[in-house]
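Down below is the structure, laid out as structure tokens.
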Amino acid sequence: MTTTDQAGIAGERSSLGYWRLRPGPGEQHLRRSELCSGSGEDTPGVALLTVGHLSDLHLCDSQSPVRAEFLDRWSDDDAPTKAELGYIGTYRAQDCLTVQVGEAAVQALNAVAAGPVGGARLDWAITTGDVTDNAQANELGWYLALLEGGPIAPDSGSAAGYEGVADNAYWDEAFWHPEPSEEGRLDRPHRLHGFPDVPGLLDALRAPFAATGLNIPWLAVHGNHDQMVQGTFPAIGPLATAGFQTSKPIGLPPEWSTEAIVRFCRDFDLCQVDVLSRWPELLARTVTADSQRRTVTRAEFIAAHFGPAAHPPGHGFSGDGSGPAGAATAEAYYRYDHGRTTILTLDTVNEHGGWQGSLDGRQLEWLEDELAGADRERRYVVLASHHPLSTLINPNLPLELASDPARRRVEQQELALLLQRHPSLVLWLNGHTHRSTVVPHGSWWEVTAPSFIDFPQQGRIVELLRSERGVLTIGATMLDHAGERPWSGGISTIGQLAGLSRELAANDWQRRTKDLSRQPWAGTRAERNVLLQLPDPFAR
């Protein structure tokens, strides 16, 4: 359901500040004409392109031994490290419900009959990266099953029961435990923030189901969580095999000082290889091994998109996908044409580590050639990537590759200078930041989608429209997933589980606000349902 029809707003709030959500009135489109010399016009024109934009699904194997949930508590408001570390983001109470949210997102997009601005049917959808959470083979399989349709079993490890930070077998007060404790213990989310008991949840979320699959073609984009452990580290050292192991880290040693904790968290964030030598020191619990938790490579990620149900073939990626995993090209950037529009999909993942992005020199040359060709052919270019322009600040590169111009890292400023020279560029779609943003860039607009793991768990419908009066309009409309609102308390259906996830996300204690309409990840009024106008570069 698009939020022009109905928007989710906060309802009742408990004495501990826990929000319940309820549907509210729709939010109409706001016209933005900063890039037009006049005030724009009321008639958007004819649709050149209408797409569904889903980003940052973060389909998460929350039982995996290679996750780092244990770091997140050091960002709690009362943690002694909060001021120095800021937001970490390695744990959310709703991590275990991402597959059900993904199915609810597919159902919602399938229900959209036409673009709410131009009225044209959807041409296709695009996922702008971080479709997996930990670059694991099983998460990749869940993603393809969700979007292509078919049976899916959102479980790993032991078939007998859930093994992760949410169960009571290794109880830790920092994590939300939905099953009531026999000893009557209350974790911090219950005690301090009013989180509910949900008996039976850890069995319900592991139940297999038949995924619906998108009813339109869809294109794929590569994100940092689709290649690297926790979206940050290449699978090296102990991380190369940690996913197969029976030891799951759940905490830092109690004897570590505050300074040692800050240093460990920062070194992990900065991909300092030396930090991996301390991995054996971490507190751990025993879990069941699972070979499907192996880390996939970029080439394997691409090759997986060439299955028999792929529409279009490869979901945009190049290569024939006909050999063993990795047979497709290892380049995750490509061109896709639709009428007078050209989609140029970038690979902004730095394979050398780090969660922020950059391009390599070879890709920059390709991009410049494509933009120059589009200028000559008077084609409208839409860029698509995982990272926004402002986050292309990752220079990581081994010294032995520094002299290779094809491998050098291209960052924000250099790319921005290139883009401003090409009038064919009108729009850039991306994700990564988990927040709805819209940024004007002189002659083109940048539209960033939020995530489906953090509040507000939304995608977008994006329309590119052309009028005969020399104005282009980009209609961007928020799309809620099909989960319950308010959550009924049930856990037997996808809608109920997805509705619970959205409610949990709204109550993230590190991002809680007194007014959910001002929740930072939801964006401002001028960044949600908007009509973005700009001069048509090919009007004459």
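Just so it is clear, none of the values below were taken in a lab; they were calculated from the coordinates. Bear in mind the structure is a predicted one, so any value in this text is a computation, not a measurement. Counting neighbours? That spans all protein chains shown, and the Cβs are built from the backbone with ideal geometry, glycine included.
For this structure, a couple of remarks:
- Amide H to amide H, with H built 1.01 Å from N, Arg285 comes under 5 Å of Lys248, Ile250, counting only residues 5 or more places away or on other chains.
- When His311, His305, His190 are sorted by how many other C-beta atoms sit within 10 angstrom of their C-beta, beginning with the fewest, the order is His311, His190, His305.
- Cβ-based exposure ranking for Leu465, Leu201, Leu16, in which fewest neighbours within 10 Å come first: Leu16, Leu201, Leu465
- Neighbour-count order for Cys60, Cys265, fewest beta carbons within 10 angstrom listed first: Cys265, Cys60
- Around the amide H of Ile9, modelled in the peptide plane, lie the amide H atoms of Arg22, Gly24, all under 5 Å away and 5 or more residues distant in sequence or on another chain.
- 3J(HN,Hα) couplings calculated from phi for segment 161-166 with the Karplus curve 6.51 cos²θ - 1.76 cosθ + 1.60 (θ = phi - 60°) are, in sequence order, x, 6, 10, x, 6, 8 Hz; Gly and Pro show x.
- Size of charge dipole - the chain - debye, nearest 20, with Cβ of Lys, Arg +1 and Asp, Glu -1, no other charges: 1180
- Whole-number D in µm²/s for the chain (Stokes-Einstein; Kirkwood sum over Cα pairs; 20 °C, 1.002 mPa s): 90
- Take every DSSP beta bridge whose two residues both sit in the chain; close to 65 percent of them are antiparallel.
- Relative to the Cα centre, the charge distribution of segment 1-91, modelled as +1 at Lys and Arg Cβ and -1 at Asp and Glu Cβ, gives a dipole magnitude of about 160 debye.
- Cα lying deepest toward the dipole's positive end in the chain, options Ile302, Gly164, Leu532, charges on Cβ: Leu532
- Cβ-placed point charges (K, R +1; D, E -1), dipole of segment 52-146 about Cα centre in debye, nearest 20: 320
- Gap separating the Cα centres of segment 41-66 and segment 229-253, nearest whole Å: 29
- Under a 5 Å amide H cut-off, with hydrogens placed 1.01 Å from N, His386 pairs with Thr348 among residues at least 5 apart or on other chains.
- Estimated from helical segments only, the mean residue ellipticity of the chain at 222 nm is -5000 deg cm²/dmol, where each DSSP H run of four or more residues counts as -39500 (n - 2.57).
- In order along segment 340-357, the phi-based Karplus estimate (6.51 cos²θ - 1.76 cosθ + 1.60, θ = phi - 60°) of 3J(HN,Hα) comes to 8, 9, 10, 9, 10, 9, 9, 10, 9, 7, 8, 5, 8, x, x, 8, 7, x Hz; Gly and Pro are listed as x.
- Couplings for segment 235-251, taken from phi via the Karplus curve 6.51 cos²θ - 1.76 cosθ + 1.60 with θ = phi - 60°, read 6, 10, x, x, 6, 5, 10, 4, x, 8, 7, 9, 10, 10, x, 10, x Hz in order; Gly and Pro are left as x.
- Only one residue of Gly17, Gln227, Pro238 has its Cα farthest out toward the positive end of the dipole of the chain, where Lys and Arg carry +1 and Asp and Glu -1 on Cβ, and that residue is Gly17.
- In segment 434-540, a dipole from Cβ-located charges (positive for Lys and Arg, negative for Asp and Glu) runs towards its positive end, and of Leu504, Ile453, Pro440 it is Pro440 whose Cα lies farthest in that direction.
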